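What follows is one structure encoded as structure tokens, with my remarks underneath.
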Amino acid sequence: MSSIPPLFGQFEVNYKKEKMLNNLKQALGNAELYLLYQPQIHQFTDKMVGVEALLRWRHPIEGNYSAYEFIPEAESNGTIIAIGNWVIETACKQAKHWQQIDVDGFKVSINISVVQILQVDFVGNVKKIIAKTAVDPQLIEFEITESVLIENFSKCQKILTQIQGL
């Protein structure tokens, strides 16, 4: 009797995961993903110096998924590459828009997945997006977690140096 609930519980977890993965594969094409921009305020001047692009997912039936729920799933099945490129392009377009309307040159910070930054042509993809959007690359910042740097220091250092060169 004690073995039935854990099996059922595991089935339910797997079912929810599989359902989320299937929904996630369609989310980008269905325009369910969107960005919010969280202001970054200078601690001494209280002036807004930038924004952080925050990825959100609003499924039409399931409701809102937390980034903590869907980002690991997107990383595990590879959809994070397409999603990450969409995030970079969308944030660059927004930065370009702010640049065009003379919003004082603050930066847009974009979180990058370890899976994305370690892909073969990450730098090339960033170059293409910057060229396509015509954004000033100095307005874009990439954030990665410290654990990514520690685990993949030499590779990340090389990639970040290439990105900085843009």
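The values are calculated or read from the model by the stated rules, or taken from the named source; none is laboratory data. Being a predicted model, the structure only gives us computed values, none of them experimental. Backbone-built Cβ (ideal geometry, glycine too); neighbour counts: all protein chains shown. The accessibility values were calculated without ligands, DNA or RNA, using every heavy atom of the protein model including side chains. Shrake-Rupley method; radii C 1.70, N 1.55, O 1.52, S 1.80 Å.
Observations on the structure shown:
- Within region 128-158, the residues that satisfy the criterion of being at pLDDT below 80 and part of a helix (DSSP H, G or I) are E146, S147, V148, L149, I150, E151, F153, S154, K155, C156, Q157.
- In region 48-63, the residues that are among the aliphatic types (A, V, I, L, M) and either loosely packed, with under 10 Cβ neighbours inside 10 Å or touching a residue at least 60 places away in the same chain (Cβ under 8 Å) (or both): I61
The rows are residues; the columns are (1) within 23 Å of G29 (Cβ to Cβ); (2) not charged (D, E, K, R).
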position	(1), (2)
F44	no, yes
V49	no, yes
E52	no, no
L55	yes, yes
Y65	yes, yes
N85	yes, yes
I88	yes, yes
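- Residue list for region 73-120, filter: under 22 Å from S154 (Cβ atoms) and at pLDDT below 90: E75, S113, V114, V115, Q116, I117, L118, Q119, V120
- Residues of region 14-47 satisfying the condition of being over 14 Å from T90 (Cβ atoms), of a type outside the set (S, T, N, Q) and either open to solvent by less than 80 Å² (accessible area, probe 1.4 Å) or part of a helix (DSSP H, G or I) (or both): Y15, K16, K17, E18, K19, M20, L21, L24, K25, G29, P39, H42
- Selection from region 64-115 of residues that are outside any helix (DSSP H, G or I), open to solvent by less than 40 Å² (accessible area, probe 1.4 Å) and aliphatic (A, V, I, L, M): V108, I110, I112
- The single condition among (1) outside any strand (DSSP E or B); (2) closer than 25 Å to N125 by Cβ that G50 does not meet is (1).
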